[in-house]
Structure formats: structure tokens, C-alpha cells
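Below you'll find the structure, written out as C-alpha cells, and then a few comments.
The values are calculated or read from the model by the stated rules, or taken from the named source; none is laboratory data. Bear in mind that the values here come from a model prediction, so they are computed numbers and not experimental data. Cβ sites come from the backbone with ideal geometry, for glycine too, and all protein chains shown count toward neighbours. For the accessible areas, the whole protein counts, side chains as well, though only heavy atoms, and no ligand, DNA or RNA atoms are used. Shrake-Rupley method; radii C 1.70, N 1.55, O 1.52, S 1.80 Å.
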Amino acid sequence: MQVEMIQAKVGDAEVVSSILQEAADWLIEKDQKLWEINDLSIDKLGEHVEKGMFWLAKVGDEFAGCIRYQVSDLEYWDDIPHQDSAFVHRVAVRRKFAGQGISAKMIEWAKAKAKSEGKKYLRLDCANREKLRKVYEGFGFKFHSLKEREPYLVVRYEFDLGDFR
């Protein structure tokens, strides 16, 4: 399946919000709430979209998923130097495209982008859920540490880009 990564523009905040809301609703149905719904509003996401942090995975004429890519994360990674790292957050795929490898392609794209920018690591954090952790471990991420940030305890992972292509 061909996936094109497109940087979200200001007018795409609604699309990003829609993708994230759909993923959040699905997780709530499974009794696995992940994000606060208020954090997924167009207003809240608009700032990150304006800063160029969100990227959309496009399949044909449809937006299948989104990912937030950034080169600084003082919220969850305030205890490490940032010059050698890039960070991903809010990886989400529309249910219509679930199980088709979209998230893997977005992560591979992020690895390639970080490496092309001279970064040594791609880092992420996630909820401490076994199934979610196995997904990221399956993408080659290695456990880094646990981080308490009220009200969450997150699991932090890193991918050594020296191991990438």
C-alpha cells in the first residue's frame, strides 16, 4: 500500500482532530481511554499544526492517519539532551485503515526523517499497556525508562537510528 506523508497545514487541524478523535473513541469503546478528549479539539491541536508538527498519512485521496513529529519534548523528556533526538506523539490511524500497516509506515517515515536531520535517536512515550508496548517494541524501539508526569506514568522508548538502514 502506497502511503504519502504530507505536512499538515493550518486548515488541516480539523482533519488531525478527526483522526485522533476517531482513535480515542475506539479506545474508549474498548475501555482503554488514552487521551483526554479536550486535548484533541481543533483549538488545542491547531497550535501544533501551525508549528508544522503534525503530518498526515495519505492513501489515495484519503487521510488514513496522523503523527506528531518534533525535535524537542521538554514535557516528557526534560532530563535528556535534545540535540541528538527527535520525538513522536499522537500516532493514530482511522479504523477504516486499521491493520494495514499505516502506523508502521508512519514510524518508518519518522525514523528516516530523524536520521536525515542528523539525529541519533527517535524517542516516544506511551501508556503502560502491554499490547501498546509490544507494538512499539515490534517497531524496534527499546525501553528507556518510566516517567511520572501527573496524572500519567508513561513508558519511554528510544530507537537508535544507527540501527536504521
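Worth a mention:
- Count of region 111-123 residues, restricted to those that are surrounded by fewer than 18 Cβ atoms within 10 Å (Cβ to Cβ) and among the hydrophobic types (A, V, I, L, M, F, W, C), is 1.
- Residue under evaluation LEU74, criteria (1) surrounded by 17 or more Cβ atoms within 10 Å (Cβ to Cβ); (2) hydrophobic (A, V, I, L, M, F, W, C); (3) part of a loop (DSSP other than H, G, I, E, B), criterion not met: (1)
- Those residues of region 78-110 which are open to solvent by less than 10 Å² (accessible area, probe 1.4 Å), of a type in the set (Gly, Ala, Ser) and outside any helix (DSSP H, G or I), in sequence order: SER85, ALA86, ALA92
- Residue that is least open to solvent (accessible area, probe 1.4 Å), among those in region 31-63 that are free of Cβ contacts under 8 Å to residues at least 60 places away in the same chain, more than 21 Å from GLY101 (Cα to Cα) and not in a helix (DSSP H, G or I): GLY52
- Candidates are the residues of region 129-141 that are over 17 Å from TRP109 (Cα atoms) and surrounded by 12 or more Cβ atoms within 10 Å (Cβ to Cβ); the one that is modelled with the highest pLDDT is ARG133.
- Residue match in region 76-92 (condition: among the charged types (D, E, K, R), touching a residue at least 60 places away in the same chain (Cβ under 8 Å) and either under 17 Å from VAL135 (Cβ atoms) or touching a Leu at 6+ places or on another chain (Cβ under 8 Å) (or both)): yes
- Condition check for LYS113: over 12 Å from the mean Cα position of the chain (by Cα) and either under 18 Å from ILE19 (Cα atoms) or in a helix (DSSP H, G or I) (or both): yes
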